[in-house]
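Data block below; observations after.
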Amino acid sequence: MRSDALKQGPERAPHRSLLRALGCTDEDLARPFVGVISSYNEIVPGHMHLDRIAEAVKAGVRAAGGVPFVASTISVCDGLAMNHAGMRFSLASRELIADSVEILAQAHAFDALVLIASCDKIVPGMLMAATRLDIPAILVAGGPMLAGRLGDQKLDLNSAFMAVGAHARGTMSADELEAIERACCPGCGSCAGMFTANTMNCLTEALGMALPGNGTIPAASAARLRLATEAGRRIVSLLESGTTPRRILTRAAFRNAVTVDMALGGSSNSVLHLMAIAHEAGVPLTLDDFDSLGRATPQVCKLSPAGSHYVEDLDRAGGIYALMAQLAADGRLDTSAITVNGPIDQALAGHPVLDPGVIRPLAEPYAPTGGLAILKGSLAPGGAVVKAGAVSPKMLKHRGPARVFESEEEATQAIMAGRFSPGDVLVIRNEGPKGGPGMREMLTPTSLLSGMGVDDQVALITDGRFSGATRGAAIGHISPEAAERGPIAALRDGDVIEIDIPNRRLEVELTPEELASRLAAMPPWQPRAAAGYLRRYAALVTSAGTGAVFVQ
């Protein structure tokens, strides 16, 4: 066992004395050490209950013969960080989380890991670390928040963001806005729609790194605690069988996850995170894989923000395993993959779809292609991402003049003041991984447009990214970004932009010569962050088109 480095031999007497100071018995010193790495804190609603999840995991580990040790890592609440300087640290925290889990596991010679998280960057960061370490690991999510209710209306966090837009437009009173504010987030858990957190927790099932129900069992349910206990038991079995993340996270697993993502209509941020995890696993995964699988996979779920269902409804309908079983029966999943729950074909047995209104039959999809689309063209030669399943049919093809903004704040002020016209393409640049720095999520401008009722009239494009709660013609991840002197850096007000989502094109009606001339005339890029972690991040981070991983 790896933990023998702490426990065996006379020279380890000092180490054993420290372990005894923790309360370890002689019996404990003979058992495997399991790191229970939790992102519990009291500032993130998705994490406020993870101490209870950790206790359930510990009970399972002990019942199976292991010795659990809880340790902590950081987390950022994207909702609280939204639309101010704090959001620059959100995506950037992913690499810190991966590094901190690696440090904890290596420094304390854990034999295996149970990773406990809920929200956007924490889940992929932990999976990146597990893959890097390649010791037995399993992830347990805190679970989705229940939808809020106001009369007969169901709500989630995005309802509040959209209400701000309606209030700014003068179509909602201050009292109505406050009523939504008080009702939309009823308790613990990751926000109730198919936003980034819940997308990643669902895709962790599809990757094979979590037990069934991980992505959908509500946070407030006793079933969530039972799942955590079972995960604690299962990690000891994985250790005994020698099943490590790199055995699970094969190319087949990543292709399965992308297929599920497309059928589910998940967050556009999943593209960044799946590519980053694959990078750690040494598995090739590119935007072309997302494009080809997206074209071939029908979208059969439509959850908030794209539809009226919530993650609790998906759980009631059978969850991710039911969706996967349906895809596998149609030959759309690679059943050579394995999971922490056993071989995938065996793991999926006995998981029927219980509500075809939530998980539609493949023959009756919401759309014949997946919920995400990868666009390329003269404006995005390295690719761009849009949540196509949440775009109004009126905006799937659009041609309009650019209105260029140099930051999210500048664009938000213009939207709030109504300084735009129907048909405009609002361009927000210098918000990419390097240029932001940090590639901020921009839920505020998209939600303002939705709340104003104009998300079917105005497009929004950026080298930054959008929240999983975004809907409308919001195209992000444009690569190369402005800081790398991509074509988006050359745009001027009035330039005509053409969006063609069905044909996967994003073009600007400028000649290559004009683009090259404008870019050549620009001064050298100057980093925004003068000091601290963000300056180091900007120096190391790569393009969104490669998952915004660090230079190796």
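Just to be sure I understand the filter: pairs with C-beta atoms under 6 Å, separated by 6 or more residues or on different chains, first member in region 506-529 and open to solvent by 60 Å² or more (accessible area, probe 1.4 Å), second member outside any loop (DSSP other than H, G, I, E, B) and at pLDDT 95 or above. Which pairs pass?
Every condition considered, the pairs that remain are Glu509/Val496; Trp525/Ala483.
Checking Thr446 against (1) at pLDDT 95 or above; (2) not in a loop (DSSP other than H, G, I, E, B), only one condition comes out false. Which one?
If we test Thr446 against (1) at pLDDT 95 or above; (2) not in a loop (DSSP other than H, G, I, E, B), just (1) comes out false.
What number goes with the only condition from (1) touching a Pro at 6+ places or on another chain (Cβ under 8 Å); (2) open to solvent by 10 Å² or more (accessible area, probe 1.4 Å); (3) among the small types (Gly, Ala, Ser) that Ala548 does not pass?
All conditions pass for Ala548, except number (2).
Are any residues in region 292-312 under 17 Å from Gly468 (Cβ atoms), over 20 Å from the mean Cα position of the chain (by Cα) and surrounded by 21 or more Cβ atoms within 10 Å (Cβ to Cβ), and if so, which ones?
Hits for region 292-312: nothing passes.
Name the single residue, out of those in region 22-62 being part of a helix (DSSP H, G or I) and without any contact (Cβ under 8 Å) to a residue 12 or more places away in the chain, that is farthest from Gly215 (Cα to Cα).
Here the residue is Asp26.
Can you tell me which residues in region 477-488 are over 14 Å from Val541 (Cβ atoms) and open to solvent by 10 Å² or more (accessible area, probe 1.4 Å)?
Arg485, Pro487, listed by residue number.
Can you pull out the residues in region 151-210 that are farther than 30 Å from Phe420 by Cα, open to solvent by 40 Å² or more (accessible area, probe 1.4 Å) and not in a loop (DSSP other than H, G, I, E, B)?
Gln153, Lys154, Arg182
If the requirement is being free of Cβ contacts under 8 Å to residues at least 60 places away in the same chain, surrounded by fewer than 18 Cβ atoms within 10 Å (Cβ to Cβ), among the small types (Gly, Ala, Ser) and out of contact with any Phe, Trp or Tyr (no Cβ under 7 Å at 6 or more places or on another chain), which of these qualifies: Gly464, Gly494, Gly453, Gly423?
Going through Gly464, Gly494, Gly453, Gly423 in turn, just one is free of Cβ contacts under 8 Å to residues at least 60 places away in the same chain, surrounded by fewer than 18 Cβ atoms within 10 Å (Cβ to Cβ), among the small types (Gly, Ala, Ser) and out of contact with any Phe, Trp or Tyr (no Cβ under 7 Å at 6 or more places or on another chain): Gly423.
Scanning region 426-442 for residues that are over 20 Å from Val508 (Cβ atoms) and charged (D, E, K, R), which turns out most open to solvent (accessible area, probe 1.4 Å)?
Step by step, filter region 426-442, then rank; the result is Lys434.
Being within 17 Å of Ser190 (Cα to Cα), open to solvent by 40 Å² or more (accessible area, probe 1.4 Å) and part of a helix (DSSP H, G or I) is the filter here; which residues of region 69-97 pass it?
Correct list: Leu80 only.
Look through Asp345, Asp289 and report the one residue that is open to solvent by 40 Å² or more (accessible area, probe 1.4 Å) and not in a loop (DSSP other than H, G, I, E, B).
Asp345
Looking only at region 98-119, decide whether some residue is touching an Asp or Glu at 6+ places or on another chain (Cβ under 6 Å), modelled with pLDDT under 95, closer than 18 Å to Ser190 by Cβ and open to solvent by 10 Å² or more (accessible area, probe 1.4 Å).
So far as region 98-119 goes, no, none of its residues is touching an Asp or Glu at 6+ places or on another chain (Cβ under 6 Å), modelled with pLDDT under 95, closer than 18 Å to Ser190 by Cβ and open to solvent by 10 Å² or more (accessible area, probe 1.4 Å).
The values are calculated or read from the model by the stated rules, or taken from the named source; none is laboratory data. None of these values were measured; they are calculated from a predicted model. When we count neighbours, we look across all protein chains shown, and the Cβ atoms used for this are built from the backbone with ideal geometry, even at glycine. When the accessible area is computed, the model is the full protein with side chains, heavy atoms only, and any ligands, DNA or RNA have been set aside. Shrake-Rupley method; radii C 1.70, N 1.55, O 1.52, S 1.80 Å.
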